[in-house]
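Have a look at the structure below before the remarks.
Values in this text are rule-based calculations from the coordinates and carry no lab data. Note that the structure is a prediction, hence the values are computed from the model and not measured. In this analysis, Cβ positions are derived from the backbone assuming ideal geometry, glycine residues included, and neighbour counts consider all displayed protein chains.
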Amino acid sequence: YGTGIQQILFILARIFHSKSKIILIEEFELNLSPPYQKMLLKKLRQLVEDKIKTQIFFTSHAEHLKENFSDYSIYY
């Protein structure tokens with residue numbers, strides 16, 4: 001597995017062990033292909049639904065994310 005998979009595991013591990021109400025992730029797409037970006041976003045959504053009152057904010061330059069996840073709030 002490459003750097004992108006290691007990045008996913010690190011992000012998910014940090015979220016799982018966090019007791020924070022707000023989680024910020026900076027440019028998670030840097031080492032991830034579009035299919036893995038989608039997979040990570042789906043997992044993040046699941047974690048948000050499972051954790052009570054947790055919000056996740058992330059920054060991204062990936063244009064395709066706007067099209068595939070239009071139900072997220074997007075700020076420019």
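At most 13 other Cβ atoms within 10 Å and a DSSP loop assignment: could you name the trypsin sites (Lys or Arg not before Pro) in region 22-56 that fit?
In loop regions of region 22-56 (DSSP not H, G, I, E or B), the sparsely surrounded trypsin sites (Lys or Arg not before Pro) are K53.
Output wanted: per-residue J couplings in Hz (rounded whole) for region 16-21, from phi through Karplus 6.51 cos²θ - 1.76 cosθ + 1.60, θ = phi - 60°, x for Gly and Pro.
Per residue, the Karplus-derived 3J(HN,Hα) values read 4, 8, 7, 10, 5, 7 Hz.
Could you give each residue of region 24-31 its phi-based ³J(HN,Hα) in whole Hz, using Karplus coefficients 6.51, -1.76, 1.60 with θ = phi - 60°, and x for Gly or Pro?
10, 10, 9, 6, 5, 7, 3, 10
Please identify the chymotrypsin sites (Phe, Trp or Tyr not before Pro) of region 1-48 that satisfy two criteria: DSSP loop assignment and at most 15 other Cβ atoms within 10 Å. Which are they?
Taking region 1-48 and a limit of 15 other Cβ atoms within 10 Å, the loop chymotrypsin sites (Phe, Trp or Tyr not before Pro) found are Y1.
For I25, what residues show an amide H to amide H distance below 5 Å, using hydrogens built from the backbone and excluding near sequence neighbours?
Under 5 Å from the amide H of I25 lie the amide H atoms of F57, F58, T59, each far enough along the sequence or on another chain.
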